[in-house]
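In what follows, a single structure is set out as C-alpha cells and then discussed.
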Ligand code: NAD
C-alpha cells in the first residue's frame, strides 16, 4: 500500500551520509510502551504535571512519582522494536549521523547505538537527580523510600527535591543537548521524523530548522502531524513495516 513512499524514502536514505533521525513516543509503541496522545495513551487518562506544580507541593511530587513508577515498570520490560533496530542498522551502515529523541526510555541505546550519537532532549528516565545539588539517585532507591515513608524522597546530601532526570512541561530544556541537536540538524543531509505528533515545542522546532536549512524533511507517523505541510515526504503509517521495507531495498555502498 505504501510501496511508492517506501521506494522514495529508500532512495533518500541510500544517498544520505549524515541523516538525522528525530524520534517520538510512536517509535516505542511497537515495544509495548504507550504514547501520550493516541486514544488510550497516557495523557488521555492523566493530565500532565507541570514543573511548577511539582516544585510547589509535596503531595503533587508524590503523585508524579507514583505515575512515573507505573510507566517505568512498562519501560523496564521493553526491548528495542523493529524501528529501533532499523535505525540502528542505518547508522551502522553510515547513512545516519545522530538520533535526536524525545523519548526517555533508553531503547535507542539498547539497540546498539553509541551514547554519543543519541541526543536526549527530554532527558532520561532511568535515574533521578537532586534539583539543588545535582546528585544522582537511583529509581529503585526512590521507590523504596516512597514505600517506606509514604512521601516523595528528598536528597540524601542536601535535602533538596529529587526528580526523575526527565524534562517536564514548564522545565527548561537541557542546554548542551539542545545545542548538540541544533548542530546535528544543521549538519544533516536528510531529516526523518519518526513517531512524533510534532506538537511539543521546542522539540518540534528541529524539523522546522532542518527545513529552513533546505534539508529534505520526511515525516513518518501513524496519523497526520502539525508539520506535514512542511515536509517533502509524508508517510502516514506504522513505522516498523515501512522501515523494514526501506532496509530491504538498501544497497551496500
Ligand atoms: P506523542 O504521543 O505526542 O505522539 C506520538 C505519535 O506517534 C502519535 O502521533 C501517534 O499517531 C504516532 N504513533 C504511534 N505508534 C506509531 C507507530 N507504530 N508508528 C508510527 N507512528 C506511531 O509523542 P511525542 O511527539 O513523542 O511527544 C510526547 C512527549 O511524551 C515527548 O516529550 C516524550 O518525551 C514523551 N513520551 C515518551 C515516551 C517514551 O520514552 N517511550 C512515551 C510516551 C511519552
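Laboratory data are not the source of any read-out in this text; all were calculated from the coordinates shown. All figures in this text were calculated on a predicted structure; none of them were measured in a lab.
Using the alpha carbon gyration tensor of the stretch 12-52, what are the three equivalent-ellipsoid semi-axes (square root of 5 times each eigenvalue), largest first, in whole Å? Each step should come with its number before you reach the end.
On the way: eigenvalues 183, 41, 10 Å².
Semi-axis lengths for the stretch 12-52 are 30, 14, 7 Å.
Just need the Rg to Rh number for the stretch 207-253, please, alpha carbons only, Kirkwood Rh. It would help to have the intermediate numbers written out before the result.
Values: Rg = 12.4 Å, Rh = 11.9 Å.
Reported Rg/Rh, Kirkwood definition of Rh: 1.04.
Ignoring everything except DSSP H segments at least 4 long, calculate the 222 nm mean residue ellipticity for the chain; use -39,500 (n - 2.57) per segment, divide by total residues, nearest 500. Each step should come with its number before you reach the end.
Numbers: 10 runs with 101 residues, N = 253.
Using -39500 (n - 2.57) per qualifying helix, the result is -12000 deg cm²/dmol.
Quick check: Cα centre of the stretch 220-253 to Cα centre of the stretch 115-183, how many Å?
32 Å
Please compute P(r) over all alpha-carbon pairs of the stretch 14-158, binned at 5 Å starting from zero, and give each bin as a whole-number percent.
Going from the shortest bin to the longest, the percentages are 2, 9, 16, 19, 18, 14, 11, 6, 3, 1, 0, 0.
Against the 2.2 N^0.38 Å scaling, with N counting residues, where does the stretch 122-253 land? I'd like the Cα-based Rg ratio to two decimal places.
Working: Rg = 19.7 Å, N = 132, 2.2 N^0.38 = 14.1 Å.
Here the Cα radius of gyration is 1.40 times the empirical estimate.
Express the C-alpha Rg of the chain as a ratio against the empirical globular expectation 2.2 N^0.38 Å, rounded to two decimals. Don't skip to the answer; put the middle values down first.
Details: Rg = 18.8 Å, N = 253, 2.2 N^0.38 = 18.0 Å.
Dividing the Cα radius of gyration by 2.2 N^0.38 Å gives 1.05.
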